[in-house]
1. Determine, for each peptide in 18-24, 87-93, the mean count of other beta carbons within 10 angstrom over its residues, then list the peptides with the highest first.
2. Full extension from residue 58 to residue 105: what is 0.36 nm times the residue separation minus their Cα-Cα distance, to one decimal in nm?
3. Determine one quarter of the surface area of the Cα convex hull of the chain, which equals its mean projected area, and express it in nm² to one decimal.
Amino acid sequence: MSTLKTTARDATTGPVPEINGDLDHTTAGELRKLITTLTLKPGQRLALDLTGMEFCDSSGITALIVAHHHARAAHADVVLATVPAPTLRVLRMVGLDQIFPIHPDSDAATQP
């Protein structure tokens with residue numbers, strides 16, 4: 001059974017959802033729901049911290065794209081932090097590394 005734990009904290013640049021566990025077809029809806037409840041202001045940055053993400057399938061990638069659309073609709077940016085190697089490989093294969101700025105950790109992702 002897939003499990004996902006998401007928490008969100010605030011940084012000076014904007015919200016930082018932390019994703020822990022499996023981001024797959026069973027759990028991606030939880031992340032989509034969390035993302036759409038986050039209030040973003042123009043110029044803010046939504047920094048998705050993937051430090052604890054253990055697995056990501058195509059449904060998880062779709063949830064990341066939903067986060068991108070949510071941020072763009074608010075005239076905000078979205079970045080990814082601490083992307084696990086297998087997920088980074090997929091992002092590069094499908095060209096999403098050109099859409100999502102990728103940072104080595106959440107500290108770097110939340111620097112103004």
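Bear in mind these aren't lab numbers, they're just calculated from the coordinates by the rules spelled out. Treat the numbers as computed from the prediction; the structure is a model and nothing was measured. Heads up, the Cβs are rebuilt from the backbone with ideal geometry, glycines too, and the neighbour counts pull from every protein chain shown.
1. Ranked by mean Cβ neighbours within 10 Å, highest first: 18-24, 87-93.
2. That pair, residue 58 and residue 105, stretches by 14.6 nm at full extension.
3. With every direction weighted equally, the projected area is 6.0 nm².
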